[in-house]
Each structure stands twice: as C-alpha cells, then as structure tokens.
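Trainee: Following this message is one structure expressed as structure tokens.
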Amino acid sequence: MFVPAYYPNIVEVVRSANWLVHNFHGKDVDIYNAVDYRHNRLMEGFKYQVVLDLNCLQYLLDLVNKSESSGLSRIAAAYLTFFQIAGIQLDPTNAIYEKINYTDDRAEEAISNLEQFRGIDNHSLDELAAYALGYKQQLCIDPIISDDRENLRDELLKYRHLTDWDSLYLCVLAVTAIAIDSSISKPKKLLAFINWCISEFRFSLAALVYATALFGRSPAKKMMKYNAKESCHQKQAALHNMTWDLYYVDCYMKSWVSKDAQTENLMLTADGGLKLTMQLAVECQLAGGLDPLRPHLAHEIQAVEAAYSNRNSTPRAYRSAKWGSEYRSRLITRYESKLLQIET
C-alpha cells in the first residue's frame, strides 16, 4: 500500500494526542497503523467509522473559520489525514444533534456546519497534512451544499428527544445533586448514586462508570461541569453538556453490541472526562462486569459491589407500578427545581 512521505509525521501527531477510543482487545493491537485498517477493509471486508464529538467537529471547522491554526485544530487535521489514508469514515451525526440541542434556531447553523464538514472531509489530503504539520495556517475549502436543505432541517428537528436522552439527563441530575450534597462524604457518593438507581430509577452503564470516575480516586479535569454559583442558563447548559457526554457513551456501547459483524466503531474526543468514561465502559463490557472500576475506588468497592450484585433482590422503581415516562418527568422536574432553582 502506498503511503505519502509525511505519513510518519502524521502518525506521530495523532499517537501523541491519543484522542481515539476503541474496543479492540489484544496487546498487539496498534490503533495508529493505517496499513492494518486498509488491509482489513480491502481484504477482509471490514468497515471502520469514527464518531466525532462536538469539540472535535469544531476543531475541524476551525481549519476554515479561523485565520490562524491552533494546536487543537492541527491535531484534528492530523486525525482527518490519518483517517483518509486508512480509509476510515467519519460520522458527525451526534455532534450535529448536540449542536442543535433541540433548539429550532440552531438548525441553520448546524446545517452550515455539516456542509462545511463535508467539504473539509473531502479536501485534498496533501493540503490537510500541510495544515496539520504547520506548513499552512488556514485552508480555503468550499462547503458541499445539501441538495435539499429544508428536508435536511426537518430531519434534524424530527427527533425532539433522542432515545434515552431524557433518562441519561435524569441520571446526570441525580449525580450532580449527590456531588454537591455536603451531607454525603466523597467515599459514599458512588454508593449513594447506586442506591438511587435501585430505589428511584434504573441502571445505565454510561452513568455508572461516569459516577465512578467522578467520585473515584482520579477524576478527569472538568468532569463536573455544573457550578452552583453560575446563572440558571449556565447551569442548564452544563447539565446538558454532561448529558451529551453520557449520550455519546451510551450510543457507542449500544452500537458495539448491536453492530454488524463487519463494522467497527471508534470515538474521537479530546475531552478527558468523556474519554475516561468511554474507556471504563468499554473495559467493563470486555470484562463482563465491574472489575475494571476497582482501581478508581478505595475501601468502598466492597459496598458498591454488594449493592450492585443485590440490585435485583431489593424493591426497585424500575418496572414497578409507578414506572413510566410521567414518573421520569416528575423526577426531572424535582431535580431541576433544586439544581436550577426553578419555581414549581
């Protein structure tokens, strides 16, 4: 397979950044070997696609929207160059949904962003590499305009609430309420969340590993985006931001379990909290249990494991007589009234 002369330099950039999350297992797997991807695609019929988070999408858009390159936009360009060489497709769908965030007036901007992305994704490989390696400060790239923007707008706005988004949002509200509750000591916060999942709602692997990382020994920076001192609007935005992180994890895990045998999904993110949560979720799935969470917990691991193991032997809200969308809505309203100080 022919690879351009700058390929080793591109690999050095992406390997150093290490934004890529995957579920490949085996000590000899090298996720930064484009030749392996091309071989598996051409000879074995595999398809590889990478889901972008909103930040990575924005870093790519900066290639044309900012007059001078930044370190983050160069890294994003290096990843795009690597993916083109490897024959890997990029999927910005969830990032576009996050951009809209159920708000009609953001749809036009999101569509323009999608058109810009398509132009960037189809741009000259050599120019992308030149930008990534610092030889160009900005690229001039025409967007690929959609044939029917109105229909695309309708499609993007069709899903007022994506599957499980509200449930993940409620989990974020509960995690946040526990995080700011000074009456619960830090070693007991994860157990408090697990007990909440049992008695009040239901379990979500994405939320469970997020809570473990947040309340564990070494949380990533800025995992808790909520700040009680900020305005109601800022707090709402932070809670939504955290929910979108969980949504990426949840979608990734579901696509992994239900995917076609010849399709492999990866995730690209520079967000430390999202990456840590994603990696823990993958490790738990591969291990078939919660053992990978042990390094993040101290003495409370026994209580956490006991509560999780006995979750089906105690009264649960899940699938009880009160269970349903109205029950979830009432819980959301209750937590929002506390965290956003909304009058009810």
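The values are calculated or read from the model by the stated rules, or taken from the named source; none is laboratory data. Keep in mind it's a predicted model, so treat the numbers as computed, not measured. All Cβ positions, even for glycine, are placed from backbone atoms using ideal geometry, and neighbour counts span all protein chains on display.
Trainee: Which of the following residues is crowded, with 17+ Cβ neighbours inside 10 Å, of a type outside the set (G, A, S) and touching a Ser or Thr at 6+ places or on another chain (Cβ under 8 Å): L80, L63, L57?
Mentor: Details: L80 fails: touching a Ser or Thr at 6+ places or on another chain (Cβ under 8 Å); L57 fails: touching a Ser or Thr at 6+ places or on another chain (Cβ under 8 Å).
The conditions single out L63.
Trainee: If you don't mind, another one. Among the residues of region 128-146, write down those that are within 11 Å of T81 (Cα to Cα) and assigned to a loop (DSSP other than H, G, I, E, B).
Mentor: The answer is L133, and nothing else.
Trainee: Count, please, the residues in region 1-30 that happen to be in contact with a helix residue (DSSP H, G or I) (Cβ under 9 Å, 6 or more places away or on another chain) and touching a residue at least 40 places away in the same chain (Cβ under 8 Å).
Mentor: Final tally of qualifying residues: 16.
Trainee: Exactly one condition in (1) modelled with pLDDT under 90; (2) of a type in the set (G, A, S); (3) closer than 29 Å to I75 by Cα; (4) out of contact with any strand residue (DSSP E or B) (no Cβ under 7 Å at 6 or more places or on another chain) is false for A237; which is it?
Mentor: Among (1) modelled with pLDDT under 90; (2) of a type in the set (G, A, S); (3) closer than 29 Å to I75 by Cα; (4) out of contact with any strand residue (DSSP E or B) (no Cβ under 7 Å at 6 or more places or on another chain), the lone unmet condition for A237 is (1).
Trainee: For W256, all conditions in the list (1) assigned by TED's automatic domain parsing to the domain that holds L297; (2) more than 22 Å from T314 (Cβ to Cβ) hold save one; what is the number of the exception?
Mentor: Status for W256: all satisfied but (1).
Trainee: Now, a different point. Of (1) in contact (Cβ under 8 Å) with a residue 60 or more places away in the chain; (2) surrounded by 21 or more Cβ atoms within 10 Å (Cβ to Cβ); (3) under 20 Å from M278 (Cβ atoms), L205 satisfies all except one. Which?
Mentor: (2)
Trainee: For E300, state whether it is more than 30 Å from L54 (Cα to Cα) and in contact with a Pro (Cβ under 6 Å, 6 or more places away or on another chain). Show your work before the answer.
Mentor: Working: more than 30 Å from L54 (Cα to Cα): yes; in contact with a Pro (Cβ under 6 Å, 6 or more places away or on another chain): yes.
It is true that E300 is more than 30 Å from L54 (Cα to Cα) and in contact with a Pro (Cβ under 6 Å, 6 or more places away or on another chain).
Trainee: Give me a count of the residues in region 147-170 that are more than 30 Å from Y318 (Cβ to Cβ) and part of a loop (DSSP other than H, G, I, E, B). Can you show your working first?
Mentor: Step one: of region 147-170, the residues more than 30 Å from Y318 (Cβ to Cβ) are 147-157.
Narrowing the set further to residues that are part of a loop (DSSP other than H, G, I, E, B) leaves 147-148.
Final tally of qualifying residues: 2.
Trainee: Does region 198-234 hold any residues that are at pLDDT below 90 and either within 20 Å of T333 (Cα to Cα) or not hydrophobic (A, V, I, L, M, F, W, C) (or both), and which are they? Lay out the reasoning, then the answer.
Mentor: Of region 198-234, the ones at pLDDT below 90 are 198-200, 202-205, 216-222.
If the condition is that a residue be at pLDDT below 90 and either within 20 Å of T333 (Cα to Cα) or not hydrophobic (A, V, I, L, M, F, W, C) (or both), then I198, S199, E200, R202, F203, S204, G216, R217, S218, P219, K221, K222 are the ones that fit.
Trainee: Please count how many residues of region 297-337 are in contact (Cβ under 8 Å) with a residue 24 or more places away in the chain, touching a Ser or Thr at 6+ places or on another chain (Cβ under 9 Å) and not aliphatic (A, V, I, L, M).
Mentor: Matching residues across region 297-337 total 6.
Trainee: Something else now. Can you go through T93, T81, T103 and tell me which one is more than 27 Å from E12 (Cβ to Cβ), of a type in the set (S, T, Y) and out of contact with any strand residue (DSSP E or B) (no Cβ under 9 Å at 6 or more places or on another chain)? Spell out how you get there, then give the answer.
Mentor: Working: T93 fails: out of contact with any strand residue (DSSP E or B) (no Cβ under 9 Å at 6 or more places or on another chain); T81 fails: more than 27 Å from E12 (Cβ to Cβ).
Result of the check over T93, T81, T103: T103.
Trainee: Six or more apart or on different chains, Cβ under 6 Å: which pairs go from a residue in region 92-116 that's within 20 Å of T243 (Cβ to Cβ) and modelled with pLDDT under 90 to one that's hydrophobic (A, V, I, L, M, F, W, C) and surrounded by fewer than 17 Cβ atoms within 10 Å (Cβ to Cβ)? Could you list them?
Mentor: The qualifying pairs are A107/L157.
Trainee: Filter region 1-48 for residues that are surrounded by 16 or more Cβ atoms within 10 Å (Cβ to Cβ), within 20 Å of the chain's Cα centre (by Cα) and part of a helix (DSSP H, G or I) and give the result.
Mentor: Answer for region 1-48, where residues must be surrounded by 16 or more Cβ atoms within 10 Å (Cβ to Cβ), within 20 Å of the chain's Cα centre (by Cα) and part of a helix (DSSP H, G or I): V14, A17.
Trainee: Still on this structure: Answer yes or no: is there a residue in region 264-279 that is over 13 Å from the mean Cα position of the chain (by Cα) and either outside the structural domain of S16 (by TED's automatic domain parsing) or among the β-branched types (V, I, T) (or both). Walk me through how you get there before you give the answer.
Mentor: Kept after step one, since they are over 13 Å from the mean Cα position of the chain (by Cα), are these residues of region 264-279: 264.
If we keep only those that are either outside the structural domain of S16 (by TED's automatic domain parsing) or among the β-branched types (V, I, T) (or both) as well, we get 264.
Yes; the residues of region 264-279 include at least one that is over 13 Å from the mean Cα position of the chain (by Cα) and either outside the structural domain of S16 (by TED's automatic domain parsing) or among the β-branched types (V, I, T) (or both).
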